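Each remark here refers to the structure printed beneath this line.
The values are calculated or read from the model by the stated rules, or taken from the named source; none is laboratory data. Keep in mind the model is a prediction, meaning the values are calculated, not measured. Every residue, glycine as well, gets a Cβ built from its backbone with ideal geometry; the counts of neighbours run over all protein chains shown.
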Amino acid sequence: MLLVAVAVVAIAGFTVFRLHGIFASTDVTSTPSGSDNDIVPFNPKHVVIEVFGPPGTVATITYLDVDAQPQRADGVTLPWAYDTTTTQPAVFVNVTAQGDSDSIGCRIKIDDAVKDERTVNTLNALTYCLDKSG
């Protein structure tokens, strides 16, 4: 019985060895050394956040950058803008601004298309703009 088992294993091994040779599974394919695996940006998004108001208006601005990290800018003279480009598939952009004048506005543009725009006219005006679909 042991002799039969050894013979079956030997014949199976030889058969697999021959099949590998027939179907060229032992050929080694190599990649040329000059090829790079750098990710090339595709479909970049141009994101612009703007805050505007009467000349000389000073504002406090809080916003999310393209990496969704909260940022704050204090004592900014308007107009103010955050302008960047990203290759992320989606961008969540938010801005809130409060100024010392009676009017303030904000605008979010992605690829030159206005996604949200608001203007407020009140004492120490506060406004916000939001886009979650960029």
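The residue that is surrounded by the fewest Cβ atoms within 10 Å (Cβ to Cβ), among those in region 93-113 that are under 19 Å from the mean Cα position of the chain (by Cα) and farther than 17 Å from Ile61 by Cβ, is Asp112. Pairing each residue of region 69-93 that is free of Cβ contacts under 8 Å to residues at least 24 places away in the same chain and over 11 Å from Glu50 (Cβ atoms) with any residue that is part of a strand (DSSP E or B) and among the hydroxyl-bearing types (Ser, Thr, Tyr), provided the two are 6+ apart or on different chains, yields C-beta distances under 6 Å for Gln71/Tyr63; Arg72/Thr62; Asp74/Thr60.
Listed here are the residues, each with its yes/no results for (1) among the polar types (S, T, N, Q); (2) modelled with pLDDT of 90 or more.
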| site | (1), (2) |
| --- | --- |
| Leu19 | no, no |
| Val28 | no, no |
| Pro32 | no, no |
| Glu50 | no, yes |
| Gly53 | no, yes |
| Ala59 | no, yes |
| Asn94 | yes, yes |
| Gly105 | no, yes |
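Residue selection: Ser133 fails the criterion of being among the hydroxyl-bearing types (Ser, Thr, Tyr) and surrounded by 13 or more Cβ atoms within 10 Å (Cβ to Cβ).
Of all residues in region 114-126, those satisfying the criterion of being surrounded by 13 or more Cβ atoms within 10 Å (Cβ to Cβ) and either more than 16 Å from Thr60 (Cβ to Cβ) or touching a residue at least 40 places away in the same chain (Cβ under 8 Å) (or both) are Val114, Lys115, Asp116, Glu117, Arg118, Thr119, Ala125.
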